[in-house]
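*Asks:* One structure, as structure tokens, below. Some questions next.
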Amino acid sequence: MVNENYTQKDGRRLFEEDKLRALADPEFRAIYEAESSKKRTMASIGKGTQMELINLSNYETLAQNHIEPAAWDFIQGGSDDEVTLRANRSAFEHIWLRPRMLVKGSASNLSTTVLGTPVSMPILVAPVANHGLAHPEGECATAQGAALAHTLMTVSTFSTRSLEDIAASANAPLWFQLYLYRNLEVSAWVVQRAEAAGYRAIVLTADLPRLGNREKDIRNNFSLLSHLDLANFPGAEAEENHYYIPFTPTWETLDWLKTVTSLPILLKGILTAEDALLALERGVSGIIVSNHGGRQLDSAIASIDALPEIVEAVAGRCEVYLDGGIRRGTDVLKALALGARAVLIGRPIFWGLAVNGAEGVHHVLEILRAELELAMILSGHYSLDTIDRSLVKYI
């Protein structure tokens, strides 16, 4: 029998109590936060917009309206004929999933660790320069979005906010991506600042001895320097050694880097087993398989196609990550099956940032989380631990 004195206020109180109890369950909390994020994002950008943002492609379409054309070409473009840029996506279409049926399981668990740091899912934010092209709060907003998703962000040397401001802006674990300079004292200074600010690893980019031939930028007369606020180098205008004139790293450079920091070092831009073995000899903690988003050597192998030989060569002696071409949860699943510890997301983070700041970044990450979780369950996997090479087949 219903209590005659039961009121709407009582119902609201009971609802809140039930919600608090439910939120104590981590699995329910993840689902609740993902749905809440989606609703907040739709509410904030839905007015006057007919598109419902349900996948990363939707964000890409809408983001173009928020970024000036030359900057959009810089973000989206690749080198030469953009063969590698396209291959980073099309290569996933030649990898098929082999789902298992009637597998016992309930809720899936996507949490993992990266170099010992706990994250809520094997999806991280890649280093990309100049987030200020997409949003006035730049990398600070991106870090806040990563924190909302309980994952890790890799901050570019060429950020539009200082590495210290980014670290202070959100409670998210951070790695610092490093370009080296002619004056190695400048590089050491930046690395030591990152370590002091609480960054957890240094990611040395290995694939940029020179800038790739990015024809869209040439046609647009787009200079990254003219758009950069060199936030990590105050007063750098008169200092050539602070500018985008990189020192070409060699294998000996890794030895030098280990003398200026106690942080673990990852090497980004490795595409062959031979280089992976050399990286191991130099004591790296991780390898990021990457072709720089198709922006350096055109016709370089797609990142996902390079992944298997590197995983085989490394044989568990360091962690291996994949950067390049991830647009769906099934892409993440394929990379995990081929041996990646986690994947890094670049351009889609820019799209979310341009559309809705930190909440847009959060929503992009949550879309990938939801897609990965569904793909895992549909393929018969409720834990990252059970995903292996048997899940995929090349055709």
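Each value in this text was obtained by applying a stated rule to the coordinates, not by laboratory testing. Predicted model only: the values in this text are computed from it and were never measured. Don't worry about glycine lacking a Cβ; one is built from the backbone with ideal geometry, like all the others, and counts go over all protein chains shown.
*Asks:* Can you sort 259, 253 from fewest to most other Cβ atoms within 10 Å of each residue's own Cβ?
*Replies:* By the 10 Å Cβ count, ascending: 259, 253.
*Asks:* Projecting each Cα onto the charge dipole of region 56-394 (Lys/Arg +1, Asp/Glu -1 at the beta carbon, about the Cα centre), which of 387, 321, 115 comes out farthest on the positive side?
*Replies:* Positive-most Cα among the choices belongs to 387.
*Asks:* For region 282-383, restrict the atom set to alpha-carbon positions and state the Rg and Dmax in Å.
*Replies:* Rg then Dmax for region 282-383, in Å: 14.6, 41.
*Asks:* Using Cβ counts within 10 Å as a stand-in for footprinting exposure, how do 287, 218, 67 rank, fewest first?
*Replies:* 218, 67, 287
*Asks:* Could you tell me which trypsin sites (Lys or Arg not before Pro) in region 80-182 are loop residues by DSSP with no more than 10 other beta carbons within 10 angstrom of their beta carbon?
*Replies:* Answer by residue number: 104.
*Asks:* Quick one: which residues, 5+ away or cross-chain, put their amide H under 5 Å from the amide H of residue 175? H built at 1.01 Å from N.
*Replies:* 153, 154, 155, 200
*Asks:* If you don't mind, there's one more thing I want to ask. Residue by residue through region 154-161, what is 3J(HN,Hα) from phi via Karplus (6.51 cos²θ - 1.76 cosθ + 1.60, θ = phi - 60°)? Round to whole Hz and write x for glycine and proline.
*Replies:* For region 154-161, the Karplus curve yields 9, 8, 6, 3, 9, 7, 8, 10 Hz.
*Asks:* Rank these for me by crowding, 96, 72, going from fewest to most other beta carbons within 10 Å.
*Replies:* 96, 72
*Asks:* Follow-up. Let me check against my output: what whole-number percent is the relative contact order of region 56-394, with C-alpha pairs under 8 Å and at least 6 apart?
*Replies:* So the answer I get is 27 percent.
*Asks:* Work out, step by step, the length gained on full extension between residue 377 and residue 101: first 0.36 nm times the residue separation, then minus their alpha carbon distance; give nm to one decimal.
*Replies:* Answer, rounded to one decimal: 98.4 nm.
*Asks:* Which value in nm describes the separation of the simple spin-label points at residue 182 and residue 66, placed 7 Å from the Cα toward the beta carbon?
*Replies:* 3.9 nm
*Asks:* Further question on the same structure: What are the trypsin sites (Lys or Arg not before Pro) within region 309-395 that DSSP puts in a loop, where the Cβ has at most 15 other Cβ atoms within 10 Å?
*Replies:* Loop-located and lightly packed - 317.
*Asks:* Let me ask you something else. Work out the FRET efficiency for residue 113 and residue 58 from their Cβ-Cβ distance, taking R0 = 30 Å, and round it to the nearest 0.05.
*Replies:* Calculated transfer efficiency: 0.45.
*Asks:* Could I ask something else about it? For labels at residue 213 and residue 80 in the simple 7 Å Cα→Cβ model, what's the distance in nm?
*Replies:* 0.7 nm
*Asks:* So how far apart, in nm, are the two label points at residue 256 and residue 389 if each is 7 Å from Cα heading toward Cβ?
*Replies:* 3.8 nm
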